[in-house]
1. With the condition kept exactly as written, say whether any residue in segment 231-239 is buried (at least 23 other Cβ atoms within 10 Å of the Cβ), at pLDDT 90 or above, at negative phi and not hydrophobic (A, V, I, L, M, F, W, C).
2. Given the criteria surrounded by fewer than 16 Cβ atoms within 10 Å (Cβ to Cβ), over 25 Å from GLN137 (Cβ atoms), modelled with pLDDT under 90 and not charged (D, E, K, R), does GLN21 qualify?
3. Please state which one of ASP130, ASP171 is in contact with a Gly (Cβ under 7 Å, 6 or more places away or on another chain), outside the structural domain of VAL116 (by TED's automatic domain parsing) and of a type in the set (Asp, Glu).
4. If you go through segment 178-187 one residue at a time, how many are farther than 15 Å from ARG257 by Cβ and surrounded by 20 or more Cβ atoms within 10 Å (Cβ to Cβ)?
5. Within segment 124-159, how many residues turn out to be basic (Lys, Arg) and more than 30 Å from ALA205 (Cβ to Cβ)?
6. Being crowded, with 18+ Cβ neighbours inside 10 Å and either touching a Cys at 6+ places or on another chain (Cβ under 9 Å) or not assigned by TED's automatic domain parsing to the domain that holds HIS276 (or both) is the requirement here; does LEU199 meet it?
7. Restricting to segment 40-89, count the residues that are in a loop (DSSP other than H, G, I, E, B) and at negative phi.
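The values are calculated or read from the model by the stated rules, or taken from the named source; none is laboratory data. Nothing here was measured: the structure is a model prediction, and the numbers come from that model. FYI the Cβ positions are ideal-geometry reconstructions off the backbone, even for glycines, and counts take in every protein chain you see.
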Amino acid sequence: MRLTGSILALALLLPCAVGGQGHGRAVTVTGEVASDAVPERPGRVVSINLCTDQLAMLLAAPGQLLSVSHLAAEPRSSSMAEQAGAYRLNHGRAEEIWLMQPDLVIAGSFSRRATVDMLRRLGVPVVVMDPAYSLAQVSDRLREMGAALGRETEAEQAVRDFEAALEALRDEVSDPPRAAIYDANGYTAGNRTLAGEILATAGFANIATEAGVAGVGRLPLELLAMADPDAVISGRRHPGASRSEEILDHPVVQALRDRSAGAVLTDRDWVCGTPHVLNAIAEMRALRRTVAAE
């Protein structure tokens with residue numbers, strides 16, 4: 001999967017090997033739960049999804065997390081690329097993961113289904129977690145990861161820290177400036193998305209809502225031009241060429257950026273529902289204050 005400037009669009013649109021230790025237990029997550037028992041406190045954990053990688057790195061006990069996906073080490077896509085250097089990197093293949101002899105594998109709902117199914121047939125407990133589609137679900141995912149790792153106390157502290165920091169970033173804005181999230185293929189995000197909630201929490205009015213887009217959808221270029229937003233926010237362009245990104249070079253989009261407070265997202269802080277979304281909110285909050293000053 002190519003994580004380019006369209007990483008935001010994707011995010012918006014856009015689970016014991018033999019010898020595992022501990023008594024089995026059920027783990028409740030929003031996504032799927034493996035039918036086999038999950039160890040109480042797994043000692044060898046492998047994550048195969050970018051977002052679960054970061055949640056696991058935040059909460060795992062020293063020595064508990066064995067491996068994270070190779071995407072976790074890519075600075076353009078991961079908010080914890082430096083920390084990922086402390087772990088083995090995997091490519092989500094069942095054979096490489098099996099050879100690590102994990103007590104638990106944590107996957108995302110968009111992880112390779114063949115890998116998840118094969119590991120379960122081999123008797124490896126797998127927990128599958130859904131992405132976070134709202135700020136409230138960031139707390140939910142922290143608790144789910146804490147339950148999977150047997151680190152509930154640490155997860156509750158992380159939730160308290162996250163929610164306190166989130167509340168501190170909220171401002172009362174009587175006349176919010178209007179912003180457009182506009183990404184590859186003309187995709188935008190309404191208020192019923194994680195990106196939309198980041199924008200709203202930072203004090204912006206989202207023109208996607210004006211256009212009748214509540215979730216993720218395409219915003220015609222004509223509607224973008226007529227909306228005349230105060231800020232146009234797009235994904236960071238990556239090396240290489242993609243026809244899906246050509247619309248971002250359209251003269252209308254460029255003109256809107258030139259005469260408004262155009263902004264480029266730090267995709268890695270937007271793509272996963274982790275406490276790193278606080279960085280995205282802070283960045284948009286600073287942009288909103290710049291717009292207001294103008």
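1. Among the residues of segment 231-239, not one is buried (at least 23 other Cβ atoms within 10 Å of the Cβ), at pLDDT 90 or above, at negative phi and not hydrophobic (A, V, I, L, M, F, W, C), which makes the answer no.
2. Values: surrounded by fewer than 16 Cβ atoms within 10 Å (Cβ to Cβ): yes; over 25 Å from GLN137 (Cβ atoms): yes; modelled with pLDDT under 90: yes; not charged (D, E, K, R): yes.
When the stated conditions are applied, GLN21 passes them.
3. Result: ASP171 is the single residue among ASP130, ASP171 that is in contact with a Gly (Cβ under 7 Å, 6 or more places away or on another chain), outside the structural domain of VAL116 (by TED's automatic domain parsing) and of a type in the set (Asp, Glu).
4. 2
5. Selection size over segment 124-159: 2.
6. no
7. Count: 21.
The rows are residues; the columns are (1) crowded, with 24+ Cβ neighbours inside 10 Å; (2) among the aromatic types (Phe, Trp, Tyr); (3) in a helix (DSSP H, G or I).
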residue	(1), (2), (3)
PRO131	no, no, no
MET145	yes, no, yes
GLU163	no, no, yes
ASP175	no, no, no
